[in-house]
Amino acid sequence: MAQIRTAVKGQDSNRIELFIEDDVLVESNNGSNTTIPLQDIFAIKTSITAFVVNYASYPTATEPTKEGLRPKAVTRALNVRFYQPLEGVDETAAAGYLGPGDFFEQLQKRLQIKPLASNTKVHAILNPVSGLRQSLENWKNIIAPMLSLSGIADDNVLLHTSKGVMDGNKLAKDLALNVLAKSEEPIILLCIGGDGTLHEVINGLSQASVQTKLQLVVIPTGSGNAFANALGITDPADAVLRLLRGNQQPLRTIRVSIGKCSVPYDTQNWHSHVEFDHVDHDPRIMVVFSFGFHTQIVSKSDYLRPFMGNSRFSLVAGFLLWWMPQYGGRLVLDEGAQEYNAEQQNWRTANDKTHIDGKYTYFLGSKMPELEPGFRIAPFASTSDEHVDLVLLRDGTSDELKSILYKAFAKGSHINEPKLEYWKAKGFLLRVQDAAEVCLDGEIHKVPKGGVIRLQVVQPSTEGEIAIDVFM
């Protein structure tokens, strides 16, 4: 694409040249260049006397890297540039340069910002105590200003603040029943918090049993932001930028049912004798299901929460790697499950149900490639496909599990480990041999001896639920 240039007056009344090169706005001032990636610009305001560029950039004007096991989080900040037309005739600029008005018009076209319909309503569910308790600060200083500067009328933005545990669930259910079910206007929902807040919101929407559509923006402000991380969203400003660009994908959730089995544990066709608990609504998860090692890290570390920070997870993991308990289970995958062959780097599809029994050292199911930045435990997982990805290790040693966990931080290279089993399935049944705990999106649930857990990816269009598209 041809380079375009203009000349303007900067904030210090000095002459500045502006040009666009390789999707970057370059500001040249006496040989010194300042660059702004076009993807960081979210609003341009122009008039006869002034041109204003609003953008959200990282402190070093570069995106965060993923070097090291746990890369340091980097947050965007809002910035603004003011320009004015030059006074009189600029002979240099007259030779092939655009006038400032035409230049900024061309710049606006290159931003790939998709204007929202003027009647779009934006509802935000915010958890003020999520993470470092900075959600409200992010709302006031980042999110609300970006929405306003982008042309979304303040009257069309409504903030709902949760006031306690599970209040996000109630707010989302009320929104679905009283707004989504009745409104003919397009509605966008902002979920401001961590994975726990998102879990409450998604379950509240599901419990409403309203068959409609919703656009969702996940804005990470929690201590755990696995879902946002899977979409590549790094911080609140980045989430709003993705809203303005308009790119979306379907969000698929997983229904979880817990039940019991009326036949002995070693019965061959035990899966035909399962009776599930009668509940008002089976919970939905979006991030992770686990049994065994991962569950015990989450469960046991909670006892240390009053005394330790996140280092408690490493402490518990170290103890479990030394102790190395194994967890008996019988797994049945739905028909059509796919197994990854690391040696041939392809997939094998099973025509019938697949039975995988044994002592599990590691058992994790997810629709997220990463559970934390850099930890790429399920590299083929997708938030939008119809599968849950399973990462399994049976009868593993401490060294084998440590190798798998370490290589998960090395771009997911653990999938090449010889004893690792990697499957994609639309659903599965797991029967536990002994009384056990399972982890559902960070929440611990108890399963009795011989009990059964059922996971199945939800199909909103055929199951009477809200079809959610998430901005990515």
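Here, each number is a calculation from the coordinates, and none is a lab measurement. Everything numeric in this text was worked out from a predicted model, so none of it was measured. Cβ: placed from backbone, ideal geometry, glycine included. Neighbour counts: every protein chain shown.
Cα gyration tensor of region 214-274, axes a ≥ b ≥ c as square roots of the eigenvalues: rounded (a/c below 1.5), prolate (a/b > b/c) or oblate? Prolate shape, in that a/c is at least 1.5 and a/b is the bigger ratio.
Taking the number of Cβ atoms within 10 Å of each Cβ as an exposure proxy, the fewest-first ranking of Ser183, Ser13 is Ser13, Ser183.
Taking every lysine pair in region 121-246 that is 8 or more places apart or spans two chains, those with Cα atoms closer than 22 Å amount to 12.
For Trp323 and Arg5 in one chain, what is 0.36 nm times their gap in residues minus the Cα-Cα distance, to one decimal in nm? Mind showing how you got there, number by number?
Working: separation 318, 0.36 × 318 = 114.48 nm, distance 6.58 nm.
Stretched fully, the Trp323-Arg5 segment lengthens by 107.9 nm.
With a Förster radius of 41 Å, plug the Cβ-Cβ distance of Thr397 and Asp280 into 1/(1 + (r/R0)^6) and report the FRET value to the nearest 0.05. Result of the calculation: an efficiency of 0.40. Sorted fewest first by neighbouring Cβ atoms within 10 angstrom, Val129, Val438, Val80 come out as Val80, Val129, Val438. Using the Cβ-Cβ distance between Ser148 and Lys353 with R0 = 35 Å, the FRET efficiency computed as 1/(1 + (r/R0)^6) comes to roughly 0.05. Rounded to the nearest 10 degrees, the inclination of helix 398-408 to the longest alpha-carbon principal axis of the chain is 20 degrees. Against the main long axis of the alpha-carbon atoms of the chain, helix 311-323 sits at an angle near 30°. Can you tell me what percent of all Cα-Cα pairs in region 327-472 are more than 26 Å apart? Roughly 25 percent, rounded to a whole number.
Within the same chain, lysines fewer than 8 places from Lys411 are excluded, and of the rest, those with a Cα less than 21 Å from its Cα are Lys66, Lys72, Lys367, Lys402, Lys419, Lys424.
Can you figure out the FRET efficiency of Asp302 with Asn416, using R₀ = 41 Å and their beta-carbon distance, to the nearest 0.05? If you can, show how the numbers build up before the last one.
Working: r = 33 Å, r/R0 = 0.81.
After rounding, the FRET efficiency stands at 0.80.
Only counting other Cβ atoms within 10 Å, I'd like Leu136, Leu243 sorted with the fewest neighbours first. Please report the intermediate quantities before stating the final value.
On the way: Leu136 17, Leu243 25.
Ordered by Cβ neighbours within 10 Å, fewest first: Leu136, Leu243.
Which net charge results for the neighbourhood of Asp357, defined as the other residues with beta-carbon distances under 10 angstrom from its beta-carbon, given Lys and Arg at +1 and Asp and Glu at -1? It would help to have the intermediate numbers written out before the result.
Numbers: positive: Arg330, Lys359, Arg394, Arg431; negative: Asp266.
Charge balance in the 10 Å sphere: +3.
Here is how the number arises for the chain: DSSP H runs of 4 or more residues each give -39500 (n - 2.57), the sum is divided by the residue count, and the result at 222 nm is -5500 deg cm²/dmol.
With a ≥ b ≥ c the root eigenvalues of the C-alpha gyration tensor of region 349-432, is it rounded (a/c under 1.5), prolate (a/b larger than b/c) or oblate? Because a/c hits 1.5 or more and a/b fails to exceed b/c, region 349-432 counts as oblate. Note on the chain: with charges restricted to the Cβ of Lys and Arg (+1) and Asp and Glu (-1), its dipole about the Cα centre is near 740 debye.
Using a ≥ b ≥ c from the Cα gyration tensor of the chain (square roots of the eigenvalues), is it rounded, prolate or oblate, where a/c under 1.5 gives rounded and otherwise the larger of a/b and b/c decides, a/b for prolate?
Details: a/c = 2.41, a/b = 1.90, b/c = 1.27.
Taking the square roots of the gyration eigenvalues as a ≥ b ≥ c, the chain is prolate.
Summing Lys and Arg as +1 and Asp and Glu as -1 over all other residues whose Cβ lies under 11 Å from the Cβ of Gly196 gives a net charge of -4. Computed across region 387-441, the Kirkwood hydrodynamic radius from all distinct Cα-Cα pairs reaches 12.9 Å. Taking 14 Å as the straight-line reach from the Cα of Lys260, the aspartates and glutamates in range (excluding those fewer than 8 positions away in the same chain) are Glu275, Asp277, Asp434.
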